[in-house]
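Scroll down for the structure; my scribbles are underneath it.
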Amino acid sequence: MSAGVIAAIVIGGLLLLCIIVLLILLPCKAYFTALFSGCYISGVKLIAMKMRKVDVMEIMHAYILAKKAHLGLTVYDLEIAYSSGGHPLNIVEGLNAAKNSKVKIDFDFAKAVDIAGRDVIAVVRECMSPKTIELPLITSVAQDNVEINAKISLTLKVNLSKFLTGATEETIAARAVEAVVTKIANTVTAKQLVSRPQLLDKAIFDAAIDEDCKYTLVSADVIHIDLGNDRGISIERDQIEKNRLITANQMEHRRLMAIAVEQEMKAKAEEMRLKAIEAEAEIPKAIVKAIEEGKMKDVVDYFKIQNLQADTEMRRNLFSKKNKREN
């Protein structure tokens with residue numbers, strides 16, 4: 001076998017080996033899909049993306065859509081978005097929707113929105129149609145102590161310049177509630193606001209509640225407003241009830257004190273009665289002792305004393321009954 005034949009066989013084998021390796025490394029499906037779609041992507045780029053473990057099919061589909069939509073994006077842009085944690089196909093779909101809707105957003109904004117976890121198409125829809133949020137029922141008291149109940153809705157549109165860094169609609173709602181409460185508290189009479197609800201709308205706009213927010217306030221509408229309770233009457237009624245309870249407590253205290261004094265007096269009277277009984281028990285002993293010592297002549301004197309005591313006790317009882325009848 002000649003040297004030329006051997007060289008040809010070696011070269012052919014090397015070419016076949018290169019073709020086999022190329023077919024193994026090249027994502028053929030992505031290559032031919034892009035080729036037949038009129039959006040050629042070189043095989044070297046596809047192999048490089050595959051070697052970097054990039055989702056070649058997603059980038060290929062995103063590039064085809066971007067090419068057909070004339071968005072001016074390159075494979076490199078889409079690969080950078082993917083490497084940053086984004087989803088190239090979602091970004092391109094959002095840019096295409098924005099272009100068709102005449103909403104001006106660029107690739108960097110769409111990429112940032114996607115990386116932040118938001119749906120780019122949903123953001124485009126919000127830009128096209130403002131969103132409406134309804135505030136919870138607001139109850140506050142005017143200076144005449146009359147409550148006002150107000151229900152307000154806010155219409156917001158996306159502020160693209162602050163969408164990624166601005167405060168959310170929850171902040172706007174909280175600021176609006178604060179503005180309404182402040183306006184009601186500074187109003188002299190509640191009827192003034194009920195007859196002119198547009199004053200609440202003006203108060204919300206004057207408070208600049210959408211400052212540094214991702215949404216811009218379009219309108220504030222009072223859905224419902226009415227008068228509530230008269231806090232002045234309620235306070236007066238509560239004070240009267242409080243005074244009544246205080247008076248009742250004072251009277252009960254006095255009654256208990258009187259009962260305590262009465263019980264104390266009864267205890268003292270019982271104590272005195274017991275002492276009197278003890279003293280009377282000593283009388284016979286004293287009489288016997290007096291007789292023994294000759295201080296009393298005979299038993300007649302003893303009975304005279306007994307009669308004197310009985311007479312005294314009878315007079316005391318009669319006097320006590322007379323006092324009871326008079327009382």
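Read the figures in this text as sums done on the coordinates, not as results from a lab. Note that the structure is predicted; figures quoted are calculated from it, not measured. Here the Cβ is made from the backbone with ideal geometry for all residues, glycine too, and neighbour counts use every protein chain on show.
The residues neighbouring A203, those whose beta-carbon lies less than 12 Å from its own, together hold a net charge of +1 under the Lys/Arg +1, Asp/Glu -1 convention. Per-residue 3J(HN,Hα) values for region 174-181, derived from phi via the Karplus relation 6.51 cos²θ - 1.76 cosθ + 1.60 with θ = phi - 60°, read 5, 5, 5, 4, 4, 5, 5, 4 Hz in sequence order (x marks Gly and Pro).
Across the cross-link table entries K53/K162; K111/K202; K67/K102, which are compared at the Cα atoms, the separations over 26 Å belong to K53/K162; K111/K202.
Around A248, with a cut-off of 14 angstrom between Cβ atoms, what is the net charge of the other residues, counting Lys and Arg +1 and Asp and Glu -1?
Combined, the nearby Lys, Arg, Asp and Glu give +2.
Multiplying the residue separation of H70 and I246 by 0.36 nm and subtracting their alpha-carbon distance yields 54.9 nm. Going by neighbour counts of Cβ atoms within 10 Å, the residues E169, E126 line up, fewest first, as E169, E126. Which of the pairs K131/K183; K68/K104; K45/K68; K68/K214; K104/K131 have their Cα atoms more than 22 Å apart in this structure? Over 22 Å Cα-Cα: K131/K183; K68/K214. With viscosity 1.002 mPa s and temperature 20 °C, the Kirkwood radius over alpha carbon pairs of region 131-231 converts through Stokes-Einstein to a diffusion coefficient of 156 µm²/s.
Near I152, once Lys and Arg are set to +1 and Asp and Glu to -1 for all other residues with Cβ below 10 Å from its Cβ, the sum equals -2. Here the residues K191, K242, ranked from fewest to most Cβ neighbours within 10 Å of their Cβ, fall in the order K242, K191.
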